[in-house]
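The values are calculated or read from the model by the stated rules, or taken from the named source; none is laboratory data. Keep in mind it's a predicted model, so treat the numbers as computed, not measured. Every residue, glycine among them, receives a Cβ derived from its backbone with ideal geometry; neighbour counts consider all protein chains shown. Only protein heavy atoms, including side chains, enter the accessible area calculation; ligands, DNA and RNA are left aside. Shrake-Rupley method; radii C 1.70, N 1.55, O 1.52, S 1.80 Å.
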Amino acid sequence: MNMDNRFSVIIVEDAKLELKGTEEIFRTDIPEADIIGVASNEDELYPLLEKQQPQLLLLDLGLGGSTTVGVTICAKVKKEYPGVKVLIFTGELINEKLWVDVLDAGADGIVLKTGELLTRNEICSVMSGRRFVFNQPILEKITARFRSSVMSDVARRKALIDYEIDRYDECMLRHLALGYTKDMIANLRTMPFGVKSLEKRQADLIARLFPQEEQRGINVTRLVVRAIELKIIDVENLEADE
């Protein structure tokens, strides 16, 4: 960002010490930013927006003891002032659901108040039109989740091959995990087998998924647990067929 390209900022932060530190970051590292207002809550923010819309709103998620008010503010600002870019600057390090909520509300990025904190790089990225701008701490968390998701998918595909699981096996196991009886599974449009065939398929699955010495006395619950352990079915994405 060229220093001649000045832009306006409103900061929403209820902790005075943190506000002072944030203002110092702008003063020393981002001198082309004009801070046209600061607010510690919703009531202070909206009159500022009515008076003059900033190009950037730097918004804390937790205000006045609430961890969700920032999500509400973000959604309202994006709806009523679509030209305003919203960058979240938050100390909410644990509640990842809030990050998802505020991104769904239209936030252009999230910077966690940890590690390198707020840098010129995040501000320049948002002002240049980039979406999903994150600082290093949140990128590390996102990368870890992405890696876990990919490796889980790889393990599942490998299990389907290693244990010769076809789509009917997967369908049966998934619905057993959802609490369906074999009579209910036999009535699914996607399952062209009767109850007796499903019982034979269950016995065959037990033979494939368990060592021979463990196969006696295996019930439906233990079979489902084994399928989850082997990643054959994904407990995070259990959905019933019609």
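Output the qualifying pairs, or none if there are none: Cβ atoms under 9 angstrom, residues six or more apart or on different chains, first residue in segment 75-100 and without any contact (Cβ under 8 Å) to a residue 24 or more places away in the chain, second residue open to solvent by 30 Å² or more (accessible area, probe 1.4 Å) and acidic (Asp, Glu).
Hits for this filter: LYS76/GLU42.
Output the number of residues of segment 97-113 satisfying the condition of being more than 14 Å from GLY62 (Cβ to Cβ), surrounded by fewer than 19 Cβ atoms within 10 Å (Cβ to Cβ) and either out of contact with any strand residue (DSSP E or B) (no Cβ under 9 Å at 6 or more places or on another chain) or not small (Gly, Ala, Ser) (or both).
The total comes to 3.
Working carefully through the options ILE30, ILE25, find the one that is touching a Cys at 6+ places or on another chain (Cβ under 9 Å) and at pLDDT below 95. Before you say what the answer is, go through the steps one by one.
Values: ILE25 fails: touching a Cys at 6+ places or on another chain (Cβ under 9 Å).
Exactly one residue qualifies, and that residue is ILE30.
When segment 131-166 is examined, which residues are found to be open to solvent by 90 Å² or more (accessible area, probe 1.4 Å), charged (D, E, K, R) and within 30 Å of LEU117 (Cα to Cα)?
Answer for segment 131-166, where residues must be open to solvent by 90 Å² or more (accessible area, probe 1.4 Å), charged (D, E, K, R) and within 30 Å of LEU117 (Cα to Cα): ARG131, GLU140, ARG145, ARG147.
Is at least one residue of segment 46-63 in a helix (DSSP H, G or I), open to solvent by 70 Å² or more (accessible area, probe 1.4 Å), touching a residue at least 24 places away in the same chain (Cβ under 8 Å) and not hydrophobic (A, V, I, L, M, F, W, C)?
The first filter runs over segment 46-63 and keeps only residues in a helix (DSSP H, G or I), leaving 46-51.
With open to solvent by 70 Å² or more (accessible area, probe 1.4 Å) added as a condition, the list becomes 47, 50-51.
Applying the additional criterion that residues be touching a residue at least 24 places away in the same chain (Cβ under 8 Å) yields none.
Scanning segment 46-63 turns up no residue that is in a helix (DSSP H, G or I), open to solvent by 70 Å² or more (accessible area, probe 1.4 Å), touching a residue at least 24 places away in the same chain (Cβ under 8 Å) and not hydrophobic (A, V, I, L, M, F, W, C).
Among the residues of segment 183-239, which ones are among the β-branched types (Val, Ile, Thr), surrounded by 17 or more Cβ atoms within 10 Å (Cβ to Cβ) and over 36 Å from the mean Cα position of the chain (by Cα)?
ILE218
A quick yes/no check of all residues on (1) in a helix (DSSP H, G or I); (2) within 17 Å of GLU13 (Cβ to Cβ):
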site	(1), (2)
PHE89	no, yes
VAL100	yes, no
SER125	yes, no
ARG131	no, no
PRO137	yes, no
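When you look at ASP29, is it acidic (Asp, Glu), over 16 Å from VAL86 (Cα atoms) and in contact (Cβ under 8 Å) with a residue 24 or more places away in the chain, yes or no? Break it down stepwise before answering.
Numbers: acidic (Asp, Glu): yes; over 16 Å from VAL86 (Cα atoms): yes; in contact (Cβ under 8 Å) with a residue 24 or more places away in the chain: yes.
Yes.
Conditions: (1) open to solvent by less than 50 Å² (accessible area, probe 1.4 Å); (2) touching a residue at least 60 places away in the same chain (Cβ under 8 Å). LEU117 meets all but one. Number of the miss?
(1)
With the structure loaded, tell me whether GLY179 is closer than 30 Å to ASP29 by Cβ, part of a loop (DSSP other than H, G, I, E, B) and open to solvent by less than 90 Å² (accessible area, probe 1.4 Å) or whether it fails that test. Don't jump to the end; show me each part of the working.
Numbers: closer than 30 Å to ASP29 by Cβ: no; part of a loop (DSSP other than H, G, I, E, B): yes; open to solvent by less than 90 Å² (accessible area, probe 1.4 Å): yes.
Criteria not met by GLY179.
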